[in-house]
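Here the structure comes first, spelled out in structure tokens, and everything after it is commentary.
What follows draws every value from the coordinates through simple rules; no lab data is involved. Every value quoted in this text rests on a predicted model; they were computed, and no experiment measured them. No Cβ is skipped: glycine too gets one built from the backbone with ideal geometry, and neighbour counts run over all protein chains shown.
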Amino acid sequence: MDASNPTAEQLQTRTANCPTHGDFESKAIPLPTFSNKPGKVIWSRCPACSRETAEREAAAERAEQEQARQQRIEDRMNRAAIPKRFRDRSFESYIADTDAQRHALGVAREFAENFPEHARRGSTRVFAGNVGTGKGHLAMSVAKHVMEQGHSVFFATAREIVLMLRARWDDRTAPGELEVLRMLTSVSLLVIDEIGVQFNTDAERDQLFGVIDGRYRDLMPTILTTNLNRKLLLGAIGERSYSRLREEGNWVPFDWEDFRGKKKESK
Ligand SMILES: [Zn+2]
């Protein structure tokens, strides 16, 4: 074959080299021409590279859509999730007169201020004590602080969480259990307020376990408040959930009397 006289076939393809994928057959793609003379051509890129680029772009687009979807859910939750009774609560408005109260305040503040570190470790805190001891006040103070730092936060009572998870049972247009579970396990900080004795059925206990366990496994930080002691909490939420929460450092006792009630009496 005479190299100085290439055939039409040889003009249309040539061997090119991709630094990543090696030799490939590059095709001549004629550019549009407005005369009868043969026009210029461009040579096709490495097909493996083209495919990888297309796959990367498709994956990026999917990730972006997924993120936007998650964001819409979280925005809705964030807007809905600050109970009115807690809107004005802050660390500054929490009255700490005793060592135990100062300890609780300190734990809550530390958690909020070092949230990025707690997010990495998936820390959990259980604020446990009687009604009226300010557990919800401090939990909300943490939630607000963390939200102000730009993290997504969801704050709901245990009862509300169970109702959200089973909303589809009553309303076919409500988000499905998996979608709610996904939101609850992916939000940066979840506060489950007022865990009490409301879990009457194993199904409800299982649903709460799904949330607690999902966050535990993914190292997502969670704050829980309860008016139960350890033994009653174990009975209420079951062994599996309790085993995720029982680590010693997690437990923050609020073991003083209802200071709101006490103040009223002393007046
Ligand atoms: Zn290539």
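Looking only at the range 85-266, where both bridge partners belong to it, what percent of the DSSP beta bridges are antiparallel (to the nearest 5)?
Of the beta bridges lying entirely in the range 85-266, close to 0 percent run antiparallel.
Based on alpha-carbon centroids, what's the gap between the range 165-219 and the range 132-153 in Å, whole number please?
Between the Cα centres of the range 165-219 and the range 132-153 lies a distance of 19 Å.
Work out how much length L31 to R172 would gain on full extension: take 0.36 nm times their residue separation and subtract the Cα-Cα distance, in nm to one decimal.
45.2 nm
Give me the extension gain from D99 to Q12: residue separation times 0.36 nm, minus the current Cα-Cα distance, reported in nm with one decimal.
Here the answer is 22.8 nm.
Assuming R0 = 45 Å, can you tell me the calculated FRET efficiency for the pair K231 and E64, based on Cβ-Cβ distance, to the nearest 0.05?
0.40
Among 57-66, 162-171, how do they line up by average Cβ neighbours within 10 Å per residue, starting with the highest?
162-171, 57-66
Check R45: other-chain or 5+ apart residues with amide H under 5 Å from its amide H, H built from backbone geometry?
HN-HN under 5 Å from R45: empty list.
Taking 0.36 nm per residue of separation and subtracting the Cα-Cα distance, what length does fully extending V131 through E52 add?
22.6 nm
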